[in-house]
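Coordinate-derived values only; no laboratory data. No experiment lies behind these values; they were computed from the predicted model shown. Note that we place each Cβ from the backbone using ideal geometry, even for glycine, and neighbour counts take in every protein chain shown.
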Amino acid sequence: MDHATIVNFTWGAVANYIDPTLIIVVLACWALGFALKRTPNVPNWSIIYIVTAVAVVLAVGLLGFTTAAIIQGILCGALAVYGHQLVKQTSKGGGSNADHSNGQ
């Protein structure tokens, strides 16, 4: 099994754990991340934290304040960031990467 298959299986499994009513949270977080990426004064490193925090707040708002809702929010934020990266990396194609060309 190659790395891409393992990664796709893992994230597909994560998607199965997200409550179907929270798909809108994933989409909202994806849009939020997209907007934050284009906001000049927001550092890139902070985007994942902002998206995750918003996902948790939205999940808790929809499901109530429970441990499960917090976990659901974290999963929604993670899936939104992963989905964005998947689209971004797929659209780049097989271009060279400095880390890969150095054998790292």
- Note on the structure: Residues V60, V87 in order from fewest to most other beta-carbon atoms within 10 Å are V87, V60
- What FRET efficiency comes out for the pair V87/V42, r = Cβ-Cβ distance, R0 = 25 Å, nearest 0.05? 0.80
- Message: Rounded, prolate or oblate, given the Cα gyration tensor of the stretch 31-94, with a/c below 1.5 counting as rounded?
- Response: oblate
